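Before any comments, here is the structure.
The values are calculated or read from the model by the stated rules, or taken from the named source; none is laboratory data. These numbers come from a predicted model, not from an experiment. Reconstructed Cβ throughout: ideal geometry from the backbone, glycine too, with neighbour counts over all protein chains shown.
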Amino acid sequence: MIDAAQIQPKKYDIIIVGGGMVGSALACALSNTCALSDNRGSNNKEGNSTLKLALIEGCKPLAQWPEDSFDLRVSAISRVSKNFFETLGVWDAMYEMRATAYTEMYVWDAGGNGSIHFDSAEIGEASLGHIIENRIINKALIDRVHTFNNIDIYCPNNPINLQLDSGLAKLQLDDGTLLEAELLVGADGGQSWVRQQADIAVTINDYQQTAVVANITTEHSHRHTAWQRFLPDGPLAFLPVNEDNISSIVWSTSAEEAERLCELDETTFKQELEIAFEAKLGKILHTGPRARFPIKGQHAKNYVKPHLALIGDAAHTIHPLAGQGVNLGFADAQCLANIVLMAHTRQKNIGSFKILRRFERARRGDNLLMLEAMGAFKQLFSNNTPGLRELRNIGLDFSDRVTPIKHFFMTKALGQ
Ligand SMILES: Cc1cc2nc3c(=O)[nH]c(=O)nc-3n(C[C@H](O)[C@H](O)[C@H](O)COP(=O)(O)OP(=O)(O)OC[C@H]3O[C@@H](n4cnc5c(N)ncnc54)[C@H](O)[C@@H]3O)c2cc1C
């Protein structure tokens, strides 16, 4: 229990728990009214908002690293997220640190001859998106957070107590600090402490897969192409990073197989990877350290309660096969910032259920659609029943030949 009589609370308009990619993007969006867009998506004039924010993060973010090293974790960033970064004033910093445009995508099925090839030139776009290391996205956003004087950062700090029943959100931190605000946002990832404290249930789609990630040097250039082969146990993706011969892999497979792959000696791992990838980029010359992440689909039954909202992985996690997870999180952050800034401008209570429901209505349906599509995709490609296998190969080839279907998929990849 928080004894408010003993500790003087620090007052904020909004507390954000979790300063990862999505939480720090929200902090920037709430601090700069240029993030406020009208229904058609065009932006208002830049200016600082008058909201007072607290950002709570449990781990100190990485501030520097050797220039020739690559983060094990990368994200495929859609055009819509890139536009959001531009609005927040972080895109140039990210691009300068390192961001790789990919212009083509090639997807094929290990269980047949079906394949599909996307080329941004076909829809008159410069690229299909960018591959960016997570630590770069994080650093650019956190650096930007530090430029706003309306954000107090509590880091490294963890919350230990949350109360939502007094017309405000009251949060106690592990060092005894007491904070209160009209709105508390949980951006604290898939295991969200905030979601658990608020007693919000989740539906789970256990893909029963674990993703093995590593940076790989190949004989041939990746040609700025994102490659994905559907194997019976799960997809294997090669994502291009800045150096022509380096790709970041995400190899989704069973938990046991992922453990085995991580423990293989380098020579055997290179051989197995080359076979699994049909040596599309020639020999695997070098592999960096490997790590594995269990993956499951998870969706919060509610995104909001009075004085509380969930965004990013705290609200939903999704299979990485289409590279959508954090892009959905950025869309949540942009949408919530829009609604809250608008309400604040009109002097409405930003923590009221009525206001927050607008956010839930705007985002939950879209996210659910994407989650269900990924679940169905995963089912379709990991099912080796002969009839189904042939059907999906025909489907891939058909989609490859029918221009409107291909264009539809490409615009979805752009996040439009
Ligand atoms: C292998 C793999 C590949 C992926 N590839 C892509 C991709 O290509 N494109 C894409 O869009 N998405 C991808 N994703 C998904 C993406 O990584 C996530 O959607 C994204 O990291 C979610 O960001 P977040 O800020 O919501 O949560 P997180 O990244 O989990 O950040 C949460 C933050 O909150 C902090 N935190 C947690 N608990 C507390 C607490 N109690 N107190 C204080 N702080 C706390 C954490 O330290 C962290 O900084 C991939 C995921 C995986 C596993």
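Condition first: in contact with a strand residue (DSSP E or B) (Cβ under 6 Å, 6 or more places away or on another chain), part of a strand (DSSP E or B) and modelled with pLDDT of 95 or more. Can you find one or more residues in the stretch 133-144 that meet it? Scanning the stretch 133-144, I find at least one residue that is in contact with a strand residue (DSSP E or B) (Cβ under 6 Å, 6 or more places away or on another chain), part of a strand (DSSP E or B) and modelled with pLDDT of 95 or more, so the answer is yes.
From the list A211, A181, A258, the one residue that fits, being among the hydrophobic types (A, V, I, L, M, F, W, C), outside the structural domain of G18 (by TED's automatic domain parsing) and either closer than 28 Å to A25 by Cβ or in a strand (DSSP E or B) (or both), is A211.
Given A237, A276, which one is surrounded by 22 or more Cβ atoms within 10 Å (Cβ to Cβ) and among the aliphatic types (A, V, I, L, M)? Being surrounded by 22 or more Cβ atoms within 10 Å (Cβ to Cβ) and among the aliphatic types (A, V, I, L, M) holds for just one of A237, A276, which is A237.
Screening L273, L308 for residues that are on the phi < 0 side of the Ramachandran plot, under 27 Å from the mean Cα position of the chain (by Cα) and outside the structural domain of Y106 (by TED's automatic domain parsing) leaves exactly one candidate, L308. Consider the stretch 328-346 and keep the residues that are of a type outside the set (S, T, Y) and farther than 16 Å from A27 by Cα. The one that is farthest from the ligand (Cβ to nearest atom) is R346. The single condition among (1) at pLDDT 95 or above; (2) not assigned by TED's automatic domain parsing to the domain that holds L310 that Q197 does not satisfy is (2). Filtered by the rule that a residue be more than 14 Å from the ligand (Cβ to nearest atom) and of a type in the set (D, E, K, R), the stretch 69-93 gives E86, D92.
Let's see how each residue does on (1) crowded, with 22+ Cβ neighbours inside 10 Å; (2) within 22 Å of the chain's Cα centre (by Cα):
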{"residue": "D313", "(1), (2)": "yes, yes"}
{"residue": "H316", "(1), (2)": "yes, yes"}
{"residue": "L321", "(1), (2)": "yes, yes"}
{"residue": "Q324", "(1), (2)": "yes, yes"}
{"residue": "L328", "(1), (2)": "yes, yes"}
{"residue": "A343", "(1), (2)": "no, no"}
{"residue": "Q347", "(1), (2)": "no, no"}
{"residue": "G351", "(1), (2)": "yes, no"}
{"residue": "K354", "(1), (2)": "no, no"}
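Within the stretch 100-123, if we keep just the residues that are closer than 17 Å to R223 by Cβ and among the aliphatic types (A, V, I, L, M), the residue that is modelled with the highest pLDDT turns out to be A101. Scanning for something over 16 Å from L184 (Cβ atoms) and in a strand (DSSP E or B), does the stretch 317-325 turn up at least one residue? The answer is yes, given that some residue of the stretch 317-325 is over 16 Å from L184 (Cβ atoms) and in a strand (DSSP E or B). N149 meets the conditions (1) more than 19 Å from A314 (Cα to Cα); (2) at pLDDT 95 or above; (3) more than 26 Å from the chain's Cα centre (by Cα) in every case but one. The failed one is (2). Checking the stated criteria, Q208 turns out not to satisfy the condition of being among the polar types (S, T, N, Q), touching a strand residue (DSSP E or B) at 6+ places or on another chain (Cβ under 7 Å) and in contact (Cβ under 8 Å) with a residue 24 or more places away in the chain.
Looking only at the stretch 154-182, residues that are more than 8 Å from the ligand (Cβ to nearest atom) and in contact with a helix residue (DSSP H, G or I) (Cβ under 7 Å, 6 or more places away or on another chain) come to 1 in all. Comparison of S247, S192, S221 shows that the only residue that is under 22 Å from L371 (Cβ atoms) and hydroxyl-bearing (S, T, Y) is S192.
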